[in-house]
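Notes follow once the structure below has been shown.
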Amino acid sequence: MAPDDLLEAATSELRSEARAVRAKAHGNRVTYSPKVFIPLTMLCRDRCGYCTFAKPPARVRGPYLSADEVLAVARAGAAAGCHEALFTLGEAPEDRYPVARAWLDEHGFASTVDYLVAMCALVRDETGLLPHANAGALASEELARLRPVSASQGMMLESLDPDLACHRGAPDKTPPRRLATLESAGFLAIPFTTGVLVGIGESRAERVRTLQAITDAHRSHGHVQEVIVQNFLPKPGTAMHNHPPCPPEELWWTIAVARLLLPPEVHVQAPPNLSDDLRPLLDSGLDDWGGVSPVTVDHVNPERAWPALHLLRRATESAGLTLAARLTVYPEYTREPERWIDAAMRFAVLDHADADGLGREDPWCSGGTEPPPGLVGISLGDDNDNDGDGDGDGARGMPSHRAAPAGGAVHEVLTGVGLGQEVGEEEIVTLFSARGPEVRAVAEVADQLRRDEVGDVVTWVANRNINYTNVCTFKCRFCAFSKGPLSLNLRGAPYLLELSDITERVVEAEAAGATEVCLQGGIHPSFDGDYYLEVIRAVRQASDRIHIHGFTALEVTEGARRLEEPLVDYLGRLKDAGLATLPGTAAEILDDEVRAVLCPDKINTEQWLEAHRVAHSIGLRSNVTIMFGAVERPRSWARHLVRTRALQRETGGFTEFVPLPFVHMASPIYLQHKARRGPTFRETLLMHAVGRITYRGWISNIQASWVKMGAAGALQALQAGVNDLGGTLMDENISRAAGASHGQLMDEGGFRSLVEPLGRRLEQRTTLYGRVPAPC
Ligand code: SF4
């Protein structure tokens with residue numbers, strides 16, 4: 001709609017169109033940024049008619065917050081699960097107040113911006129929070145100095161009306177100065193937040209002109225990530241205390257016009273603490289609530305408390321939308337870090353991000369000791385209701401327990417699943433985007449499919465891992481298990497088991513009731529394909545009936561290659577010697593773009609698929625694994641699921657799907673600051689549920705890895721499509737090498753304690769899902 005038409009149109013029409021634009025560009029997701037507010041200085045050289053933030057020196061404890069004060073606030077925010085440290089401050093107070101100048105001189109800073117740079121760096125380095133610098137109108141050189149220490153920056157344009165009385169004493173509020181800042185931020189590729197202040201005396205036409213200027217700047221540089229539409233409220237003690245507040249209808253009109261005028265990818269925000277009724281704001285087309293703090297007040301509007309998170313969520317969900325925590329920099333920018341994020345900030349951003357580039361929702365990590373949030377049904381120690389509203393969510397932004405109708409695209413896909421439709425790549429990506437009540441809806445559908453397909457029995461297998469060597473010639477960047485032949489590190493020396501050790505371990509395993517040994521290890525430089533035959537013989541020396549589940553697609557492909565033997569012949573010899581099934585590991589993510597980052601010298605997607613195709617062709621069955629949550633996005637997960645389903649259609653040889661969430665703690669790629677800290681619990685739960693939905697009719701068994709998810713995580717996975725808890729895994733070394741802390745052995749009693757509260761039956765199985773007769 002042209003600007004003139006916007007001025008003529010009815011508000012109801014504008015709001016309806018704005019909702020449609022939001023739905024198309026952003027789906028049903030509304031974001032907010034969990035933050036702490038750090039008012040570095042409340043002194044300011046400007047005198048704006050509406051402002052109570054700026055104060056004279058006599059009314060503040062000191063001209064600037066000290067470094068200790070800054071850190072105390074930031075640390076409280078980090079402990080409460082915030083991602084953002086919002087630095088808001090007055091403009092160049094040293095030009096007006098001698099006390100500010102003296103403080104800076106005494107502390108060795110040339111300017112307020114100098115001090116801000118130092119404090120942003122301190123907060124980033126000491127707490128990991130992402131600074132957002134909101135320092136007003138700055139010169140290009142000042143913006144550039146802030147770029148390496150902040151993930152994003154911002155400055156309200158407010159209004160381009162040059163005659164506003166409220167700006168008469170404010171040299172930094174002149175339109176040319178602020179437009180120059182906006183433009184410079186674009187040239188410097190700074191993800192930038194700006195906005196308009198509504199109701200300070202400007203006309204609608206002036207507001208449109210201001211929004212148009214923001215649009216023009218964004219079209220030139222692509223840097224405007226969000227536009228805040230903020231309503232003026234009069235405050236006692238200000239020049240405008242008698243000025244009428246911005247009427248709500250005027251705010252709604254402006255939100256809708258902003259949504260229609262700005263390019264669709266620019267997010268539109270309105271502060272939730274400045275309106276009593278949130279629903280009309282949502283109905284006007286916004287898709288972001290801005291920063292909300294569980295720790296600090298809004299220092300610009302201290303009289304208006306942030307809404308409690310559960311109320312914000314409730315308001316958002318009651319409009320058929322979902323709420324998601326975000327970072328101070330939006331996903332559109334984190335996806336292109338080389339362009340938008342300074343190298344010095346990239347890891348801090350990555351470390352807070354989930355696979356969508358939004359904020360991690362809880363402190364749970366695969367293999368870690370933090371309990372998972374309760375996302376579905378019954379969960380262990382279900383005490384996450386930190387905000388006390390009885391819905392089981394908490395201050396960290398965890399999705400709600402309440403059963404709520406899923407809306408939007410996720411709901412559409414689930415409706416199709418209910419009608420028996422098969423999900424393709426696009427639908428799978430949509431399912432992975434589920435948030436809040438949608439997660440529960442996806443889990444419920446998966447749980448029903450599980451019930452239909454395999455009933456209420458939960459299975460487990462008694463097995464022992466034997467990792468014959470941790471020496472490996474490959475250089476998988478995620479792998480904390482492998483050692484170069486000569487390396488030593490804190491997690492242990494390189495080793496190669498003697499064949500007699502393998503025999504002995506099998507004897508012990510069988511004596512302890514194991515029905516399976518799981519054999520895998522590094523690719524030792526001395527191995528040729530015959531080594532694996534020797535391993536099988538060593539196992540058979542101990543037992544002629546234990547099931548040999550062994551050798552990844554990489555190991556058998558490499559074994560055949562080193563012997564220069566066709567894979568089918570080589571696998572045939574392994575089978576004749578006693579190999580019964582292959583593990584699906586070495587799949588990682590079956591998407592070559594991702595493999596090029598994670599494991600560039602390993603077999604590629606097609607080679608992995610081919611190894612399993614050949615194995616299935618001679619009667620060796622195998623399983624599908626996915627190691628997810630390191631560097632890739634949900635589209636790669638979808639490709640992995642679709643490609644393995646296609647092979648299953650062809651061969652029918654896969655017995656189960658085993659999601660393996662990436663354990664980051666000791667992983668080289670994480671320690672090099674190039675990977676996320678594994679999937680979030682929401683993503684992990686969804687992987688099981690979406691796997692169940694994707695493989696419907698093709699793979700009946702979905703397994704949860706208790707080693708990586710912990711017992712509490714596995715319990716929730718059992719309510720999201722999972723019917724198998726995998727093995728007892730005496731001697732699980734690979735996850736532990738990566739830092740997992742969930743023990744080396746689970747027993748039948750441990751499995752039973754998970755299954756019984758769900759009213760389901762536990763059964764021991766064989767590797768191929770046959771029943772194990774109970775001992776006499
Ligand atoms: S994942 Fe396997 S192939 Fe890759 S380095 Fe580790 S042990 Fe070697």
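None of the figures in this text is laboratory data; all of them are computed from the coordinates on show. Here the structure is a predicted model, which is why all the values come from computation and not from measurement. Glycine also receives a Cβ, built like all others from the backbone with ideal geometry; neighbour counts cover every protein chain displayed.
For this structure, a couple of remarks:
- Residues of type lysines that K475 reaches as a straight line, Cα spacing below 16 Å, ignoring anything fewer than 8 places off in the same chain: K483, K602, K674
- In plain terms, the residue of E558, E8, E650, E453 with the fewest other Cβ atoms within 10 Å comes first and the most crowded comes last, giving E8, E650, E453, E558.
- Amide H contacts under 5 Å for C365: E370, restricted to partners 5 or more places along the chain or on a different chain, H placed in the peptide plane at 1.01 Å from N.
- Highest to lowest packing among 747-753, 81-87, 639-645, scored as the average C-beta count within 10 Å: 81-87, 639-645, 747-753
- Its Cα gyration tensor gives the stretch 606-764 an equivalent ellipsoid. The semi-axes, each the square root of 5 times an eigenvalue, are 24, 22, 15 Å from largest down.
- Under 5 Å, built H, 5+ apart or other chain: amide partners of F474: I523
- Acute angle (nearest 10 degrees) that the helix 529-542 long axis makes with the longest principal axis of the chain, alpha-carbon atoms: 70
- Taking the Cα centre of the chain as origin and assigning +1 to Lys and Arg Cβ atoms and -1 to Asp and Glu Cβ atoms, the resulting dipole is close to 280 debye.
- Each residue of the stretch 233-240 is assigned a 3J(HN,Hα), and the resulting list reads 10, x, 10, x, x, 10, 4, 9 Hz, derived from the Karplus form 6.51 cos²θ - 1.76 cosθ + 1.60 (θ = phi - 60°), x at Gly and Pro.
- Here S700, S33 are placed in order of increasing Cβ neighbour count within 10 Å, fewest first, which gives S700, S33.
- Net charge in the neighbourhood of Y97 (other residues with Cβ under 11 Å of its Cβ; Lys, Arg +1, Asp, Glu -1) is +2.
- Reachable aspartates and glutamates, given that their alpha-carbon falls under 12 Å from the alpha-carbon of K235 and they are not under 8 places away in the same chain: E303
- The modelled label-to-label distance for the pair D216/M1, using points 7 Å beyond Cα in the direction of Cβ, is 2.2 nm.
- Straight-line reach from K24: taking Cα to Cα under 12 Å and skipping same-chain neighbours fewer than 8 places apart, the aspartates and glutamates in range are E265, D287.
- Cα-centred dipole magnitude for the stretch 458-569, charges only on beta-carbon of K, R (+1) and D, E (-1), debye, nearest 20: 540
- Rounded to 10°, Cα long-axis angle of helix 98-107 versus longest principal axis of the chain: 30
- Cα principal axis extents for the chain, largest first, Å: 92, 58, 44
- Cα-based helix-to-principal-axis angle, 343-352 vs the chain, degrees rounded to 10: 70
- Binning the alpha carbon pair distances of the stretch 1-106 at 5 angstrom intervals from zero yields the distribution 2, 10, 14, 13, 10, 10, 10, 11, 9, 8, 3, 0, expressed in whole percent.
- When each of H612, H218 is scored by the number of other beta-carbon atoms lying within 10 Å, the sequence from fewest to most is H218, H612.
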